[in-house]
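Take a look at the structure set out below.
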Amino acid sequence: MRDGWDRLCVWFLNERHGTYGLAIMRIGFGAMTVVILAMYLPNFSYSFGAGSRWGSALTQSSAVHDYLWPIPLLFPADEPDALRLAKILLLMAVAVIYALGWRMRVTSPLFVLLWLGFTLTNPVILNTGHYQTFRIFLLFMLLADLSQRWSLDARRRARRGAEDPALGVRNGRLPRWAPILANNVALVLIGYQICVIYVSSALWKLQGSTWISGVAAYYPLQLEELTLFPWLNHLAWQVTPAVFLASWLAVYGQLFFPLMLLNRWTRILGLVVVTGMHAGIGILLALPWFSLMMILGDMIFIRDRSWRALIDRLGRVWPAGRRHTIGSAGVAPQGQVSAATPVTAASAPSSVAHSGVGSAGAPRQSRPD
């Protein structure tokens, strides 16, 4: 029991986990926001401006009006369309900066505040389906250090050889293990939310007979409202074994997904199944944003060492494209605590407080991942 607790403390407090997956989520969510808003711009007044009063009845009863002050004041309902358009363009600009990973300690909360305020403009559109999950992920990501990989912040720190400011070394008010713990808690919360979505979806499917019998995938493929490429849908539903296999994988792949995460090989199988499922949903059922958001979220289940191995392998194949992806030069990779003093339940605060210092007392230097 003691060993298990010590290992749990080491996992949560020694180093940041999921840094590559979180970076992919940051880049993907920022890019998604820009593209989605750009698609609405030609009709933004009808969707979010003065012309959107058609949804006022449902808007007033929406749960988004329960947001804390000052979020409801960011996009007031009575503002003119010109001002509303300017704010949407500002949100798009912040989303670009968010995707690039610039000054994330300010940009991340600013992006979340603007997006939550924007959802008040028309909850009929923005308080449905994947937008709700999108908001949940963004709130969890506030705890994470999203700038560790593939960001302008990481590039700036590497060039200056500066200590990672997220570790609290500038003001001394935070113990060095606190931001590492926050990052890993965010990772667990996101993973838990994904598992809840998959398991609850599977349990709903099991309440009917069509999924169990294997014919459920046939019916949505027939709906014109969910068709991007009619010829592709027509081809898909005619392949009877594929219909049965897709139906069963959609149920049992989601239902057992949390259990698949416990082993490396079953985790790979689970990720292949859910990624394939979402790719099929995005292409065949015209739900690209939901599918893309879930695929981006699933990336946190791929360990950092697997990402580093892939990057190294690509670097050998394409040496000119290889890049250092460390966050800063003055701390151990991913904010890692010195290996000479592992964190345990009894020594967590003291050992992490001296992280980044080697046995000789000199700062540990980051190495390229």
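Values in this text are rule-based calculations from the coordinates and carry no lab data. Note that the coordinates shown come from a computational prediction; the quantities given were computed from them, not determined experimentally. Methodologically, a virtual Cβ is constructed for each residue, glycine included, from the backbone with ideal geometry; neighbour enumeration extends over all protein chains shown.
Summary table
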read-out: Net length gained if the chain between residue 272 and residue 40 were fully extended (0.36 nm per residue, minus Cα distance); value: 80.3 nm
read-out: Mean Cβ count within 10 Å, highest first, over the residues of peptides 259-266, 239-246, 285-292; value: 285-292, 239-246, 259-266
read-out: Gained length - residue 160 relative to residue 203, 0.36 nm times residue gap less alpha-carbon distance; value: 10.3 nm
read-out: Packing-based exposure ordering (other Cβ within 10 Å, fewest first) of 267, 53, 26; value: 53, 267, 26
read-out: Packing-based order for 219-230, 174-185, using average beta carbon neighbours within 10 Å, highest first; value: 174-185, 219-230
read-out: Estimated FRET transfer efficiency when R0 is 22 angstrom, pair residue 31-residue 306 (beta carbons, to 0.05); value: 0.45
